[in-house]
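Only one structure is covered here, and it is reproduced in the block below.
The values are calculated or read from the model by the stated rules, or taken from the named source; none is laboratory data. These numbers were taken from a predicted model, which means no experiment stands behind them. We place every Cβ from the backbone using ideal geometry, glycine too, and count neighbours over all the protein chains shown. For accessibility, only protein heavy atoms count, side chains too; no ligands or nucleic acids. Shrake-Rupley method; radii C 1.70, N 1.55, O 1.52, S 1.80 Å.
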Amino acid sequence: DIAGRDVAENRRDGFAPSLVLGLGTPTRFTFSYFHQNADDIPDYGIPWLFNGPAPVNRNNYYGLQDGNFLRTYDDIGTVKAEHDVNSHLMVREQVRYANYVRDVLITEPQLTGIAVGTPLEEMQVTRHEIGVNSTETFLDNQLDVIAHFNTGSIEHTLVSGVEDGRETSDP
């Protein structure tokens, strides 16, 4: 629930297992997966009046209790390989793929017939519905070289790498 808002709800669940192979050896592999989904009743808040929120009761819900929703389904898979070349040099590569699905119907309250000096009780609130169904994806590959060395008594860690990726959006 949302404090002070009777209708809005945030409901999330998920899981995130990981498996590491090669612990304690020079070469390690990590396989990770993350899944989360949400099934919310969204709240676009209270109407905006000139430079701030309208002076209305904070408990007022202007959406459609049985019609507004926000559903998301997020899946992220990651594979990481690390190799210690020696005690001073490590090579690491990570590949990640993510898929985000969103289905939403929200209601935004708007005040109409507003003029400076209009009493609040004479203003009307209308509803503007926003519906979105979209899928976004993300593919990323990152290669790093990590070097540890000293300059006199000063210890250094140098991380150098290259990354490429691709994102898509299909609203």
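Brief remarks on what is shown
- Apart from one condition, R102 fits all of (1) within 30 Å of Y62 (Cα to Cα); (2) modelled with pLDDT of 95 or more; (3) open to solvent by less than 60 Å² (accessible area, probe 1.4 Å); (4) among the charged types (D, E, K, R); the exception is (3).
- Condition broken by R12, with the remaining ones in (1) open to solvent by 60 Å² or more (accessible area, probe 1.4 Å); (2) under 17 Å from G63 (Cα atoms) satisfied: (2)
- The residues on offer are E121, E129, E167, and the sole one that is outside any strand (DSSP E or B), among the acidic types (D, E), open to solvent by 60 Å² or more (accessible area, probe 1.4 Å) and over 21 Å from R92 (Cβ atoms) is E121.
- Counting the residues of the range 3-23 that are within 23 Å of the chain's Cα centre (by Cα) and part of a strand (DSSP E or B) gives 7.
- Residue in the range 31-42 that is of a type outside the set (G, A, S), assigned to a loop (DSSP other than H, G, I, E, B), surrounded by fewer than 17 Cβ atoms within 10 Å (Cβ to Cβ) and in contact (Cβ under 8 Å) with a residue 40 or more places away in the chain present: no
For every residue, the table says whether it meets (1) modelled with pLDDT under 95; (2) over 30 Å from E155 (Cβ atoms).
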position: D13; (1), (2): no, yes
position: A16; (1), (2): no, yes
position: I41; (1), (2): yes, yes
position: K80; (1), (2): no, no
position: I106; (1), (2): yes, yes
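Residue-by-condition table, conditions (1) over 30 Å from F15 (Cα atoms); (2) in a strand (DSSP E or B); (3) open to solvent by less than 40 Å² (accessible area, probe 1.4 Å):
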| position | (1), (2), (3) |
| --- | --- |
| N59 | yes, no, no |
| G63 | yes, no, yes |
| D75 | no, yes, no |
| V79 | no, yes, no |
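- Single condition G52 does not satisfy, out of (1) open to solvent by less than 30 Å² (accessible area, probe 1.4 Å); (2) touching a residue at least 12 places away in the same chain (Cβ under 8 Å): (2)
Conditions (1) part of a strand (DSSP E or B); (2) more than 25 Å from G63 (Cβ to Cβ); (3) open to solvent by less than 50 Å² (accessible area, probe 1.4 Å); (4) in contact with a helix residue (DSSP H, G or I) (Cβ under 8 Å, 6 or more places away or on another chain), marked per residue:
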residue	(1), (2), (3), (4)
S134	yes, no, yes, no
L143	yes, yes, no, no
A147	yes, yes, yes, no
G161	yes, yes, no, no
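- Test: residue in the range 96-115 that is closer than 30 Å to I46 by Cβ, in contact with an Asp or Glu (Cβ under 6 Å, 6 or more places away or on another chain) and of a type outside the set (S, T, N, Q): yes
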